[in-house]
């Protein structure tokens, strides 16, 4: 089972190779979050949960590769953070889209159990979700 560590990797992304490395990783993270939100938006019942799991599993290796690239980067300088702020804001928005879907699905019958399959989603589940 894949554990989707990339979802937990939200935060400042490292430097080391200059601003371009930051931008590339953050853009890939944004795209990954958007893909997850899109997949989750189709979840309405047990059958669509199974379908979503299959789709997420198909993408897990790529998502893990993005997370690994980000983890290899060093802590960014203040200047780098300032330069990638527009991309970072898109990352926050994409993560918020995922959280919106997680909250919605968690309220569905079997929703919390659906997310328990994915270690990294557990941190996105609201404490007050059914």
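Here are a few things to note about the model shown:
- Over the range 16-121, Cα pairs under 8 Å with separation of 6+ residues give a relative contact order of 46 percent.
- Projecting label points 7 angstrom from Cα along Cα→Cβ for residue 96 and residue 72 puts them 3.2 nm apart.
Read the figures in this text as sums done on the coordinates, not as results from a lab. None of the values given here were measured: they were computed from a predicted structure. Reconstructed Cβ throughout: ideal geometry from the backbone, glycine too, with neighbour counts over all protein chains shown.
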